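One structure is given below, encoded as structure tokens.
The values are calculated or read from the model by the stated rules, or taken from the named source; none is laboratory data. Keep in mind that what you see is a predicted model, and the values were worked out from it rather than measured. Glycine gets a Cβ as well: all are built from the backbone with ideal geometry, and neighbour counts include every protein chain shown. What goes into the accessible areas is simple: the full protein's heavy atoms, side chains included, and nothing from ligands, DNA or RNA. Shrake-Rupley method; radii C 1.70, N 1.55, O 1.52, S 1.80 Å.
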Amino acid sequence: MNNFIKFEKNTVQSSIPARFEIIADYFSDRQAVKSQNHALTYRELNHLANQLAHAILEQRSQGEEPIILLCDHDVFVMIGILGILKTGKAYVPLNPNTPLIKLTQILVHIEPSLIVTDNKNLSLAQQLSQDSKKILNINQIDTSYCQNNLGLDISPTTLFSIYYTSGSTGQPKGVMRDHRMMLHRTYLETNNYSVNANDCIAQLTSSAFSASTTRIFSALLNGGTLCLGNVVEGGLSWLSTWLIKEKITVLSLPVMLFQQWLETLTLEDKFPYIRYLKPGGEFYQKNVEKARKHLSDNCFLVQELSSTEISGATQFIIDNKREITGNIVPVGYALEDKEIFLLDEKREKIGFNEVGEIAVKSRYLALGYWRNPELTQQKFLPSPDGSDERIYLTGDLGRMQPDGCLEWLGRKDFMVKIRGYRVEPSEVEGELLAINGIEQAVVVAVQDSTGEQHLAAYIVPSKTEVPEIKTIRTWLKERLSSYLIPSKFIFLEYLPTNLNGKIDRSKLPPIDWHRPELSNPFVSPTTSLESEILAIWKSVLPLERIGINDNFIELGGNSIQAMQIMARVLDALGINLSPSILLESSTVAIMSTKILQYQAEMITDGELEAILAELEQDSDPIFVG
């Protein structure tokens, strides 16, 4: 069987279900998607998606509309995506781990008539629906529904998804994309990197993040296998084992996770199956050199300029022979059907080696923002030549080299990237200002001693009430994703301003990386195990003073650092614990207790040999299975 079905340019003018059904028919017995607990062939996935599609159309008439998809990171979310798309409707993926208040905001903004969910998230879906929206549970779809393809004629310009990204006002911002845009992205990915049915493509992030669509459709529209993994639960050591076990050939990681994963590898760690690797964000020459020690000579790294609004716009391919002259890796050259140019403050084009705002011109851009025509008109401009191409103003600064290679120089506004996620500090500021006792707040990105980026919140409290940091953290945790919660909170009498009366971020006081103010008193370690664990915490957290009863989250710890700590615990103690332990309000003392319990339950190799030797002396035969 041919493992490569050509992805012709004219496929872009069809629909995602049309291409998928061709693939599902040709590769029917191939494995389409797998997770730790489930796996589906292309035939099974197509049949289940068809049954869901028929169930949706029984609830809703034909026509474009958004449908909420609230599923776990498992194979069922792929049934949901394809089932919704087969009806000609658009899916709006939500991460069940998102704070309830944020999920509610999105539902109010979308005003959906239907929520598609699974068993695990049924109660959450019912809570969100408030009896005003119908719910379809993928795990309880009537098996009598028809398994055949629906055969609907879906236009390439039909809305296929709405993905929510960080908004400068603190309100949800839904980016609308059509089938044509996604098919064009898959067309480029397929042909630029020779994606085919032999590929096992890793999917390590929730489908609620827009970057996931590239991996999902690169696999499912080419006959490859989409492998779902949860690195937060498994940890960095699990990731290395899993990559080999699943024979992953295509890997994409958030840039911070990529960098931390590299730090856990030894010279013996090799990943011969990986063909290409995409770190999702800005990485450096030293990361390239480190990665080359563990990848095959045929593997290459890819840097690109991308966002939900433009998908991929540039690429820079780093093969085994390419030398990186500077520290920063450029984002590279314009992709097919994408024109890149730089604009000055008057929106006039500038030349080579000048710094300006990056603009992308193409017919394959997002449609705009859901129910926000003002922002759409502000960011998406018509082409001056009257064609169907449009221009998107990225808000990123760049510099173009004479050969057309683009360097990314950061955000034009104050948007930053934290752990690979795009963050608008004003979204966090808006939530801070809603807390009783906070008069002013400004959030900035700061760098710790290891070079990692964190958010820091500078707060001016009211004269009558000063909220506790624990209260602030609890408020934010209920409303924001974990990467949006500042690692540091600094109280000031006033915020520094410039001559125009605007806040001068350059004059904010530097960060003190000592132990933050916590409600519990400082307690030193009392055992050698606590001292050893504390040393590991200090090697990861940018703090000079940590007590054994200090809460990991309240110290500013995040999921990436949790994985780092667990990887170092494995190296030092030989115990493989899940990073979720740290994310569940753990302390050094609690962690020490858990390790002691774990050690008490373990049978050492020496003990096992002694037991077997004793058994061998018995007269009756013993069978150990």
S113 vs. criteria open to solvent by less than 10 Å² (accessible area, probe 1.4 Å), modelled with pLDDT under 95, in contact with a helix residue (DSSP H, G or I) (Cβ under 9 Å, 6 or more places away or on another chain) and not acidic (D, E): no
It is to be established whether one or more residues within the range 454-474 are open to solvent by 20 Å² or more (accessible area, probe 1.4 Å) and in contact with a helix residue (DSSP H, G or I) (Cβ under 8 Å, 6 or more places away or on another chain). no
Top-ranked residue in the range 540-567 [being in a helix (DSSP H, G or I) and not aliphatic (A, V, I, L, M); ranked as surrounded by the fewest Cβ atoms within 10 Å (Cβ to Cβ)]: S559
For the range 323-349, enumerate the residues that are more than 19 Å from S383 (Cβ to Cβ), open to solvent by less than 50 Å² (accessible area, probe 1.4 Å) and in a loop (DSSP other than H, G, I, E, B). I324, G326, V329, P330, V331
So, in the range 248-303, of the ones that are of a type outside the set (A, V, I, L, M, F, W, C) and in contact with a Cys (Cβ under 9 Å, 6 or more places away or on another chain), which residue ends up nearest to V540 (Cα to Cα)? R292
How do the strands (runs of 3 or more DSSP E) wholly within the range 415-462 filter down when requiring 1 or more residues that are without any contact (Cβ under 8 Å) to a residue 60 or more places away in the chain: which remain? 416-418, 438-447, 453-461
Restricting attention to the range 99-110, and to residues there that are open to solvent by 30 Å² or more (accessible area, probe 1.4 Å) and touching a residue at least 60 places away in the same chain (Cβ under 8 Å), which single residue is nearest to R371 (Cα to Cα)? H109
Residue among A24, A55 that is among the hydrophobic types (A, V, I, L, M, F, W, C), without any contact (Cβ under 8 Å) to a residue 40 or more places away in the chain, buried (at least 19 other Cβ atoms within 10 Å of the Cβ) and touching a strand residue (DSSP E or B) at 6+ places or on another chain (Cβ under 9 Å): A24
Can you name the condition, by its number, that S519 falls short on among (1) surrounded by 17 or more Cβ atoms within 10 Å (Cβ to Cβ); (2) in contact with a Lys or Arg (Cβ under 7 Å, 6 or more places away or on another chain); (3) part of a loop (DSSP other than H, G, I, E, B)? (1)
Scanning the range 394-435 for residues that are touching a Pro at 6+ places or on another chain (Cβ under 7 Å) and modelled with pLDDT of 90 or more, the one surrounded by the most Cβ atoms within 10 Å (Cβ to Cβ) turns out to be L406
Find the residue count for the range 568-594, including only residues that are open to solvent by less than 10 Å² (accessible area, probe 1.4 Å) and closer than 14 Å to A535 by Cα. 4
Being touching a residue at least 60 places away in the same chain (Cβ under 8 Å), touching a helix residue (DSSP H, G or I) at 6+ places or on another chain (Cβ under 9 Å) and either more than 24 Å from T225 (Cβ to Cβ) or open to solvent by 10 Å² or more (accessible area, probe 1.4 Å) (or both) is the filter here; which residues of the range 72-88 pass it? D74, F76, T87, G88
Right, A39: touching a residue at least 24 places away in the same chain (Cβ under 8 Å) and either touching a Leu at 6+ places or on another chain (Cβ under 9 Å) or among the acidic types (D, E) (or both) or not? no
Among (1) in contact (Cβ under 8 Å) with a residue 12 or more places away in the chain; (2) open to solvent by 20 Å² or more (accessible area, probe 1.4 Å); (3) part of a loop (DSSP other than H, G, I, E, B), which single condition is F7 missing? (2)
Just one of (1) within 23 Å of Q401 (Cα to Cα); (2) touching a Gly at 6+ places or on another chain (Cβ under 7 Å); (3) of a type in the set (V, I, T); (4) open to solvent by 10 Å² or more (accessible area, probe 1.4 Å) trips up T376, so point out which. (1)
